[in-house]
Structure formats: structure tokens, C-alpha cells
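Note sheet for the following structure.
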Amino acid sequence: MSDERSLDTRAVHAGEGRAKAHDSLTTPVALTSTYTFESAEALGRHHRREVEREEYGRYGNPTVRAAERKLADLDGAEDAALFASGMAAITTTLLAMLRSGHHVVLTRDCYRRTRQFVTAVLPRYGVESTVVEPGDPDAVARAIVPGKTRLVISESPTNPYLRVVDLEALRAIKAAHPSVKFLIDATFSTPVNQRPIEHGVDLVIHSATKYLGGHNDLLAGSVSGSAALIDAIRDFRGVLGGVLDPHAAYLLLRGVKTLGLRVARQNASALSLARALESDPRIERVFYPGLESHPDHRVAVAQMSGFGGVVSFLVKGDGPRTERFVDACRIAAIAPSLGGVETLIEQPALMSYYEMSPDERLAVGIPDNLVRLAVGIESCDDLLDDLARALDAAFAA
Ligand SMILES: Cc1ncc(COP(=O)(O)O)c(C=O)c1O
């Protein structure tokens, strides 16, 4: 088959090959923790890398390997490695890439645990960081310390304000700093909406727990990049041990096959919901890169083929009114996470940032009336009705 196959076709077939054990159509789940060698000679051939085969479960598994090949294909990368969660992918990748004395540039609006790892954990190991605004490529360039900065890390779109980083501007910065590697957490976009490697990015991370798995039933994380970088990161995974379970790898393979269908629906519904919310006088502000009012709309149009399934917005009024609105939603369930078939809703102030005081939250840009809606694949009309009814309930009280 040629490389011109569309992403939807590759999502179904890539990585899995035609011939499978027992003539099975789907990739079997290889439930084994170790692998046998028929002789000392066969073991030697494996160590000399004359054959491609597995050795021990912490170093690889054929079901996981098929999912890795599929994700590498969709990201347009030479290789990919899978992990037990998105955070295992992030922490293992960073620990593999960084040494004491290195410096990291991180964009501010990002998953709280990523920021915690970079700004609170890495300094214990002698790695310092500078945090800059995601919409400001000049700030990224200024933050690079020649000879010390090893990594520039950003999400795109970011969590929860959906800032879209200008990847072509990053490419220009990278050209001036060839020893710096650029890493994008593309969890919110998926390879359907944006492929950072095509813009010169070195490493792409996904929390595969979200859209790639797509059914809110597994935890997984991936990193894609050049064979050399992924080899080194996979070796580090063998040290840290955060491997993906083969059952979860099977669910991931199965989930990715419908990625294109799901994300197309989620893109379309999220745009309709964002527009409806923006025209509702009870909503103070909507953050969605598909809206002309979003600060990164121009970059998003140039760089993305869809704007994703997450919409963030401010309800007019205080935290308690926002709680009443969220509580009144019947389809959208109150839960962390995003990207699955079920629509989820959360107030970041009460979920990821619950242990901070309101002032501390405001300092990190999380007001109590902020809502994050992760759109699923239900009927868009039903979701519009659900939100309108929940707003009626919140404003009637
Ligand atoms: C953008 C982003 N990256 C990484 C993670 C961490 O992924 P996981 O929950 O699979 O560890 C999350 C989790 O919400 C996320 O939103």
C-alpha cells in the first residue's frame, strides 16, 4: 500500500500488518511478561540486533508495538513509544532528555501536573526552567539560554485556554538554536487536526487517554519522533518501568481506528456549541480557537484542519452560579478528562485547582466561573439543549 493513503485509512490499518498470528483479522493481545529463545545462538542474534523480536515485557510487547507503529504513522514520525499514562510519557521523556545543568522553556497555560514536574520536580535534579506565554514566540526565543537550554516544551492547543502555538514561528527559532529540541504536547489536537512534526517539531506527546483511546476506558501516553530519540527514550522506559499494559494497548488500537470519525464530529459540535455560547448573554467569554474572537484564531486557521472538541468559557456571575449551571447539565457528566465519546464538563477551580485559594487560582489564571466542556459524540442538538436548559436553571435560581 502507498504512503498516500489518507489518515482515516492509516488509522485503521497502519502498524498492524496483514498477516497476524492465527490468521486473526485484529491484532491479538499478547499476554506474556517474557519471551523465550530457542538457543544461546538465538539470544546472541537478538543482542546483536540481527532480528527484531521481544525479550522481556518491560522492554516491549507485540500488541503495544503495533499501537506504537500506528501512532508513529499518524504523527508522521519515524517511531513512537507508549507508556502507562500521558504523565508517564512526559516524565520519562523529560528524564531521558535532561541532565543536571540543563534548562527548559515551558509555555504557561498547560496541564497542571506537567507544570508541577517541570517547575517543582526537575529543579531537584539540577534542571531549571523559564515559563513564558504560549502566544509569544519572541518570549520563547528570549528565554533560550545558549549552551544550557535543551528543550522547549509547549502544549498546542493548551489546557484550558486553547492557546495555539505558532509552530512555524517555533521552526524559525529552532533554526537559530540547532541544539535545542522542541516538544509539543498535542493531546488536544490529535494527528487529525494538527501534525507538529510536519512543522519541524522534534517530539510529539499525546495523553492517549483522551482522543486516541477515545472511550474514557484506558490510560496511556505516547511520544513520537526520530528513531534515535525514541530509541533513547524507550531505553529509559526500560529503566523507569512505566510500560503500557497489552490489554490497554489493544483498546487503544481499537479506539484509534475511529479517531477520524470521532474527531470530525467533535470538531463540528464544539464549533456549534462555542458559537451558541458566544451569542448567549449569560456567558461572559468563550475560548475556542475556531472563533474569530480567539487570540490565536489566525494561527489556528493556518495550522490546524479542525479546532478540537474542547470549549472553555466564563459564566456571567460567581462560582456558586457556575456550580448550579454545571450541576444542571444532564448529558455532560462532571468529570476530569476529555476526548472520549461521552461529553464531560468541569469547573477547573473545583477539579484540578481545588486545593488552591481563590486568590492563588486567579494568580494562575483560573477564575471560579471558568468552565471546560469536553464535547463527546452525542447529537449536537441534544448538547445545545442541555447547555441552554442548564443555563436557564442556573439563572432562574
Ligand atoms: C494536555 C495534557 N497532557 C498530559 C496529560 C496527562 O495525561 P494522563 O492523564 O494520561 O497521564 C493531560 C491530562 O489531563 C493533559 O490534559
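The values are calculated or read from the model by the stated rules, or taken from the named source; none is laboratory data. Please read these numbers as outputs of a predicted model, since none were measured by experiment. Cβ placement follows ideal geometry from the backbone for every residue including glycine, while neighbour counts extend to all protein chains displayed.
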Item to check | Those strands (runs of 3 or more DSSP E) lying entirely in segment 218-318 with at least 1 residues in the same structural domain as Pro28 (by TED's automatic domain parsing) and under 18 Å from the mean Cα position of the chain (by Cα) | outcome: 221-225
Next on the checklist: Give all pairs with beta carbons closer than 6 Å in which a residue from segment 107-124 that is free of Cβ contacts under 8 Å to residues at least 60 places away in the same chain meets a residue that is in a helix (DSSP H, G or I); count only pairs at least 6 apart in sequence or on separate chains.
Outcome noted: Arg113/Met87; Phe117/Thr91
Next on the checklist: Among the residues that make up segment 237-244, is at least one of them crowded, with 23+ Cβ neighbours inside 10 Å and more than 13 Å from Gly60 (Cβ to Cβ)?
Outcome noted: no
Next on the checklist: One residue is enough: does segment 120-128 have a residue meeting the conditions assigned by TED's automatic domain parsing to the domain that holds Val201, among the aliphatic types (A, V, I, L, M) and closer than 17 Å to Ala186 by Cβ?
Outcome noted: no
Next on the checklist: Going residue by residue through segment 248-264, is there one that turns out to be of a type in the set (A, V, I, L, M, F, W, C), crowded, with 23+ Cβ neighbours inside 10 Å, closer than 19 Å to Leu383 by Cβ and in contact (Cβ under 8 Å) with a residue 12 or more places away in the chain?
Outcome noted: yes
Next on the checklist: Residues to consider are Leu338, Leu384; find the one that is closer than 20 Å to Tyr288 by Cβ and in a helix (DSSP H, G or I).
Outcome noted: Leu384
Next on the checklist: Given the criterion at pLDDT 95 or above, within 16 Å of the ligand (Cβ to nearest atom) and either farther than 26 Å from Gly214 by Cα or not in a helix (DSSP H, G or I) (or both), identify the matching residue among Val145, Val121, Val140, Val105.
Outcome noted: Val121
Item to check | Selected residue [within 13 Å of the ligand (Cβ to nearest atom), over 23 Å from Leu95 (Cα atoms) and modelled with pLDDT of 95 or more] from Leu218, Leu183, Leu251, Leu244 | outcome: Leu218
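Conditions tested, residue by residue: (1) out of contact with any Asp or Glu (no Cβ under 9 Å at 6 or more places or on another chain); (2) under 15 Å from Ala374 (Cα atoms); (3) not aromatic (Phe, Trp, Tyr).
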{"position": "Ala268", "(1), (2), (3)": "yes, yes, yes"}
{"position": "Glu278", "(1), (2), (3)": "yes, no, yes"}
{"position": "Pro295", "(1), (2), (3)": "yes, no, yes"}
{"position": "Ser305", "(1), (2), (3)": "yes, no, yes"}
{"position": "Gly309", "(1), (2), (3)": "yes, yes, yes"}
{"position": "Gly319", "(1), (2), (3)": "no, no, yes"}
